[in-house]
Amino acid sequence: MSDTTTIEDLDFPKAVLTRVIKSSLPENISIQKEARHGVAKASTVFVSYLAATANDCARESGHKTIMTQDVLKALEAIGLADFIDRLKADLDAFAVKTKEKKKVKSTDEDEDVEEIEEEEEDTSAMDVAETSAMEVDDTESSDAAKRPRTE
């Protein structure tokens, strides 16, 4: 048995693929199970080919990590330059969305830190008040029998 993964072993999740297919077709069009399987295999082959070509572009540029510009060059190299502008727009929208999420997360974390600090201040103020009250109790009752027991 071989540990090598072949393209036949790879598939996109069926639910994701079905959503992509349905969002691409008009509402009154359905797709057969065999056709959906064909789209799944074709998409796996396409992604593998694009990734391999992007890897070649990355090597030509002298780096080991595939970067966005390598994917764009790969699209051009495989004859799909028409998709580059749309992909750039999608990538820009993704970057904006990611920045907004980080900003919201950062704001939420700042608010959480402020709440924790306020709680700590409240707790320490309560501790000081309780300690002061206990000191008053200790001084008022000099008789050991009148003091509250601490067990």
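Residues in the stretch 26-65 that are among the β-branched types (V, I, T) and either in a helix (DSSP H, G or I) or under 20 Å from I7 (Cα atoms) (or both): V39, T44, V45, V47, T53.
Scanning the stretch 7-36 for residues that are surrounded by 10 or more Cβ atoms within 10 Å (Cβ to Cβ), over 14 Å from V47 (Cβ atoms) and of a type in the set (A, V, I, L, M) yields I21, L25, I31, A35. Say we look at the stretch 83-126 and pick out the residues that are of a type in the set (G, A, S) and at pLDDT 90 or above; which of these is nearest to L50 (Cα to Cα)? Result: A89.
Restricting the stretch 45-100 to residues that are β-branched (V, I, T) and within 23 Å of the chain's Cα centre (by Cα), the residue that is farthest from E8 (Cα to Cα) is V96.
The values are calculated or read from the model by the stated rules, or taken from the named source; none is laboratory data. Here the structure is a predicted model, which means the values were calculated and not measured. Ideal geometry is used to build each Cβ from the backbone, glycine not excepted, and the neighbour counts take in all protein chains shown.
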